[in-house]
Amino acid sequence: MDVIELSWWQLALAAMMVVLLAACTVVMRLGMGRSLLVAALRTVIQLALVGLVLEALFAAERLVWVVLMALAMLLVAGREVMARQKRRLLGGWAFGIGTLSMFLSSFTVAVLTLTVVIGPEPWYRPQYAIPLLGMLLGNTMTGVALALDRLTDTAWRQRGVIENRLMLGEPWQVAIGGIRREAMRSGLMPMINAMAAAGVVSLPGMMTGQILAGTAPALAVKYQILIMFAITLGTGFGTLAAVSMGSRRLFDGRERLRLDRLAAPQG
Amino acid sequence: MASTCQPAGSRHCHFFSTRRGKALSEECLRLDRVAIGELAEVSLDVAPGEIVCLSGASGSGKSRLLRAVADLEPHGGEAWLGERAQSSLPGHVWRRCVMLVPAESHWWEETVGEHFPQEPEASELEALGLAPDALAWQVGRLSTGEKQRLGLLRAVSREPGALLLDEPTANLDDATSECVEAWLKARIHERGWPTLWVAHDRGQIARVAGRHRRIANGRLEEVDAAWT
């Protein structure tokens, strides 16, 4: 069973319907017609470019290119983690901690999944490596950003409690312990929810894609389970690492709470 | 919690048992050119069991000086408790010995009692004008005055080696204020804690202070008339 070929004019039909929707929103004065069209255009351009990159990558099948692509994805994800925090750590730490923890967790899990579990030949075969890493990074990014945002924001709100606990002679790990656990939990929650709802409330995107591409549902399900576990591992360890590093950075060598290391929220 | 002032005491602190079985500290608190914010190079010796009152206009840096002595903010200079320098101990060990009690205390567990390492005696609660069941109270229902008194009791029951009190009676009426004063004074003399006490009220300063210093123009000035 082959996938039915999609040609550009068929996409144009779908595009016309999006334009129709934009026209409707303009008539109804929702003020969204412009942003809707811009977003739709961005989708076309970005995906087309990625398509070109992937075509080249798949054709070359060289480890260097796969690694370069992976690094580019990692840096973009690191920037996104930083941008999503209300009170981020200053001096590049927000970017550094987010990127390092995503690197440690996502890359390790991706390499392990490729070499030990799936085992394509060669192990870095881009058809497997890049989509796997993309899904891992995308979800880890969400978890790490949520957890770090929660950590710094709660620490700022509860600075009185933290300092009072320090005054009573508690080590910094104890003084911020509750907040740290809350932050880690908030980073892990989305993935636990996703696993709990998988297949019942939503059909996961990758599985849907594979089924559309003609894979037998039983195999697609196995791949999806593998991906869900990999994502959970990546997000979980990434969140734990990021919160551990982030909370350490909130205190200095004398175990003082240093909220001057956080940026003021913008807007 | 592993590190306390007491266990280390057998090796570092000079404690002696009194008749009541509580440790008696014999260490001075010494400030050596402590500088923070506007405040330049404060040097001060506080003898065991001595209360030195600090006064000064709001914003003159009294609280920040106490925070510097407790090592809660980056600062210049050094502080000593007996033979031990602030910088030679990990932050939390120092703060466990030199305990700062802020004017506004914070409570993070469900009930008051969970904040106490061991239950204080009922007589202590009574001396502070608190009900005997105060330890079972929900922290949400504490008034500011109750928070302040329980905050003092919480700090004192951890058996520090020195006390830094930031307006310990700020939220109390006159009668309760004098109760708390008397209780603090008795504990400080009994245990021999060198104490820095930030106060506004001249009457209170006259009642408790061994010495009185005023912070003005970023310096510490001696005030000696009030209590002689």
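Bear in mind these aren't lab numbers, they're just calculated from the coordinates by the rules spelled out. All values derive from a computational prediction rather than experimental measurement. Neighbour counts are summed over all protein chains in view; Cβ atoms, including those assigned to glycine, are modelled from backbone coordinates with ideal geometry.
Other protein chain C-beta atoms within 10 Å of residue C-beta, averaged over A:157-167: 6. Taking the Cα atoms of the protein assembly as shown, the ratio Rg/Rh between the radius of gyration and the Kirkwood radius comes to 1.14. Descending by average beta-carbon neighbour count within 10 Å, the peptides B:150-156, A:198-204, A:46-52 line up as B:150-156, A:198-204, A:46-52, the highest first. I'd like to know which of B:L66, B:V42, B:A85 lies farthest towards the positive end of the charge dipole of the range B:41-88, counting +1 on Cβ of Lys and Arg and -1 on Cβ of Asp and Glu. Result: B:L66.
The modelled label-to-label distance for the pair B:A85/A:L68, using points 7 Å beyond Cα in the direction of Cβ, is 5.4 nm. Each Lys and Arg contributes +1 and each Asp and Glu -1, all at the Cβ; summed about the Cα centre of the protein assembly as shown, the dipole is approximately 940 debye.
Pairs of Lys residues in the protein assembly as shown that lie 8 or more places apart, or on two chains, and have C-alpha atoms under 29 angstrom apart add up to 5. Under a plain spin-label model, where a point goes 7 Å from the Cα along Cα-to-Cβ, how far apart in nm are A:R125 and A:D252? The answer from the label model is 5.5 nm.
Counting only other chain Cβ atoms within 10 Å of each residue's Cβ, the peptide A:249-257 averages 4.
Highest mean packing comes first when the peptides A:166-176, B:39-49 are listed by Cβ atoms within 10 Å, giving A:166-176, B:39-49.
With R₀ set to 25 Å, the beta-carbon distance separating A:L47 from A:A83 gives a calculated FRET efficiency near 0.70. Positive-end ranking of A:F95, A:A77, A:I192 along the dipole of the range A:61-261, with charges on Cβ about the Cα centre, is headed by A:F95.
In whole angstrom, how far apart do the alpha carbon centroids of the range A:235-267 and the range B:104-163 sit? What the calculation gives is 31 Å, centre to centre. In chain A, which longest range has no GluC sites (Glu not before Pro) that are both DSSP loop (not H, G, I, E or B) and surrounded by at most 16 other Cβ atoms within 10 Å? Value returned for the longest uninterrupted segment is A:62-267. Inter-chain Cβ neighbour count for B:98-109, averaged per residue, equals 4 (cutoff 10 Å, partner chain atoms only). Rounded to the nearest 0.05, the FRET efficiency derived from the C-beta distance between A:E61 and A:A264 at R0 = 56 Å is 0.70.
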